[in-house]
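The values are calculated or read from the model by the stated rules, or taken from the named source; none is laboratory data. On a predicted model such as this, the values are computed, not experimentally measured, just so you know. For neighbour counting, all protein chains shown are included, and Cβ atoms are generated from backbone atoms with ideal geometry for every residue, glycine included.
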Amino acid sequence: MAAAVAASPAARPQPEVAPRRTSSRYKEGTRVLLTSKTRRGANDSYVWIKADVYRTEETSRGTAIRMREVGGRGEKFKVVPRETNTLPHGQPGVHLVWDVSKKAPEGFGDNMIASVMSFMTPRELSAFLPDHPTIRHAALYQQTHIAIDSSSPAERQFWEDTTSEGASRLGKRLVDLTALTIAQPLGDLSWCVDKMCCVIEGHAEGRRKARKEAGPDQMDDGSLEIIKFTTAISTRSSTDGRRPSAPPPPTLDDLEVGDDDDNEEEEEEDGLTPTPTTLHALKTVTGADGPHGVIADREWVMPALATVQQEGWSARQLGGFIKSSKSLQHVGGSLSGNGWAGVIEHVPEAAAGRPGPLSQLRSIGTIDHLSSRSNKGVDRLRAALVSRGCRKSLESLAVRIPSIHDHSSITALEPVDCLIDECCVSPDVPINVTTDPGFGGVSPSVLYADYFDRSPSRPSPFIKRVVQDAARDTREVIYFIDHHDLTHPVDSPSQSAIEVAQSLDFTSVQHVAVRNDRSFTPPHGTPAPTPAIIQHLPPFPKVIQLFVGSALGGPAGRLFASRMPSTMVCVKFHADVDAGDRRSVLEGLGRGRKVHTVWLGGDSREDGVNLTRRPFDGWASADFPSIKTINLPIEVPSSWPPDAAAQVIHDGVTSLINGVRGLARFHVHLRERNWAPLPMGSRLRNALEQLFRSSMTIGRFTIDRADQQWGIALTGSRRS
């Protein structure tokens, strides 16, 4: 047998080791065999060396593969593969041509040929060497990386035609395997997972036998370190009824039948239960998805397992997969506190006086903790981690939490805070916090949580950061009034609450409001709370609207008003806010601010203020901001005498014109209660027509009256 590469020590072989189309196989970390660029040794000749691929890049000639020598002189290589030859059966392959009719050059025997061929895939070896099992098997013995690949029709057909038994026999040959990649079709994540498992289990058995023959001093227990799941741009499925036009290469099952060294009967240990597969060196599993969780059912023993990156496995699957590890550092995924506790509880607890199997754990995936109802789950997780040796070892944490709605939101954070305190290296470890988008705003009432009363001097970094992040990202701040404000001293917040309040950043906030909590209906006569924490908040530089939406919101609204910017678009008051509280809030804004529109009414612009609540009172004050426009939707009680109601409205309009600084326009919308249309020709309409003649003037304002189906609109505009 002779090779197309030169055998003379004086001639330097060209390091063309890969075809253009196989660039996808030569990924970072792949190990190959090629010739040195410099002469070496006593014979001053080029020698065969091992190298690792450290980068690939596209060029005009093809995909360039950059490699670095392993050990030795550390030479670097750049190879641009030539166009490939066509193999028998029409299969493209590597650019190496072997003449099997000639004898190999001196010193270039089967072992060297096997080394040269060891970078081929199992399918390519099957195509090249169907009649040379010795070389084929020797090449497999030297392979360190294998890819079960669906990206080409030939590779996909080869693996789909391979039986589980054939995959297991292949694995037995791969005694030096260090990495296995399975590239599956995007829509079929179960593709060939069973074949992959058979290759891995065959490898473990082959490695065990090879070590037994070589001696424990000559070979480590295991070699497989990495299992990687990935997806490929899928080619036409071999199961769609259209097969490749050329005959496929022999399958593993075809080749193994009749091989001399495979005819030995397997060793049988009669009467003994088969032991689980042990993967002594496996450290990393990445890219795993839900359908891959079936590998947990194989019950592999993996004492060196350090990293598992997965999504979609159940707690039972993930816990069963990691339970044998004594080296676990990182495990990915997203589960509830109870789910993660279920995972960790599969791992044995630490023996007395021992560090425990999770003493090296550095991170776990995301903890989904979306309400205080799951607090017990997080407490259970913390206990499970600590009892298995995870004490002050986590270097990071990821948690998904509920929105910062009110003081009760902090209750859901406290179990996470305790977990950080006991299981993380320090309270300042990086924490990836994701907030559930169920509620879009932030309430300063969180700072009245019982937690801050129990931590009067300094809040934990985690809770402080959660509140800070929520404030920085929100566009709306709402103070929710509930029973807590009536039973707690909200006028004297704790020092830790003040520290957090002063550290907040509200530069993204555009809307500020005071509302009653949905579960709170204040009894008549309830005193309005004064939440003093608001005065410790920083200014709101970009707010465009302040809304006081509670009858008890006057004091809170006034405190917010002092934090507003110099110019605002709108200040809005609910119909239940009385004239005194409205006046207090506007005076809180102060004379130096400008407001485009002040609106009285409910949450909707169509909600009116009952005339009995004196909507025209309290508008004259030297301490008010400059107000350009006032909107007054007014409900006229049907019980009021029409003439009296019309006179109150006329006097009120006059007071607006004479008392509001900066007023340029006003709108008074008159309706009967519940927005029922005013009866056409009613006495009230007639009375209003008498007092507000069309285009009449009061002071510098021209007033227009418009009769509409729903009522009467009075619009006043200041003449320039």
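The table that follows gives values for the structure above.
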quantity: Selection status of PRO276, modelled with pLDDT under 95, closer than 26 Å to LEU189 by Cα and more than 40 Å from the chain's Cα centre (by Cα); calculated: no
quantity: Meets criteria (assigned to a strand (DSSP E or B), in contact with a Cys (Cβ under 6 Å, 6 or more places away or on another chain) and surrounded by 16 or more Cβ atoms within 10 Å (Cβ to Cβ)) for THR597; calculated: yes
quantity: Qualifying residue in segment 489-497 (condition: surrounded by fewer than 20 Cβ atoms within 10 Å (Cβ to Cβ), outside the structural domain of ILE431 (by TED's automatic domain parsing) and touching a Phe, Trp or Tyr at 6+ places or on another chain (Cβ under 7 Å)); calculated: no
quantity: Hits in segment 351-366 (condition: among the hydrophobic types (A, V, I, L, M, F, W, C) and over 16 Å from ASP421 (Cα atoms)); calculated: ALA351, ALA352, LEU358
quantity: Segment 127-155: number of residues that are under 19 Å from MET196 (Cβ atoms), of a type in the set (A, V, I, L, M, F, W, C) and either in contact with an Asp or Glu (Cβ under 6 Å, 6 or more places away or on another chain) or at pLDDT 75 or above (or both); calculated: 4
quantity: Criterion violated by VAL429 - all others in (1) on the phi < 0 side of the Ramachandran plot; (2) in contact with a Lys or Arg (Cβ under 8 Å, 6 or more places away or on another chain) satisfied; calculated: (2)
quantity: Residue under evaluation LEU419, criteria (1) buried (at least 22 other Cβ atoms within 10 Å of the Cβ); (2) within 29 Å of PHE547 (Cβ to Cβ); (3) over 20 Å from the mean Cα position of the chain (by Cα), criterion not met; calculated: (2)
quantity: Residue satisfying condition, being modelled with pLDDT of 95 or more, crowded, with 16+ Cβ neighbours inside 10 Å and farther than 30 Å from LEU632 by Cβ, within set LEU559, LEU504; calculated: LEU504
quantity: Filter pass, THR235 being closer than 30 Å to ASP52 by Cα and at pLDDT below 55; calculated: yes
quantity: Boolean, SER223 is among the small types (Gly, Ala, Ser), at pLDDT below 90 and either under 38 Å from the mean Cα position of the chain (by Cα) or assigned to a loop (DSSP other than H, G, I, E, B) (or both); calculated: no
quantity: Spans of strands (runs of 3 or more DSSP E) in segment 618-720 with at least 2 residues surrounded by 14 or more Cβ atoms within 10 Å (Cβ to Cβ); calculated: 626-636, 665-672, 701-708, 711-718
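For (1) farther than 20 Å from TRP300 by Cα; (2) modelled with pLDDT of 95 or more; (3) polar (S, T, N, Q), each residue gets a yes or a no:
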site	(1), (2), (3)
GLN329	no, yes, yes
GLY332	no, yes, no
TRP340	yes, yes, no
GLU345	no, yes, no
LEU358	no, yes, no
THR366	yes, yes, yes
HIS369	yes, no, no
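Residue-by-condition table, conditions (1) at pLDDT below 95; (2) closer than 21 Å to SER408 by Cβ; (3) buried (at least 22 other Cβ atoms within 10 Å of the Cβ):
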residue	(1), (2), (3)
ARG518	yes, yes, no
THR521	yes, yes, no
PRO539	no, no, no
GLN545	no, no, no
VAL569	no, no, no
ALA575	yes, no, no
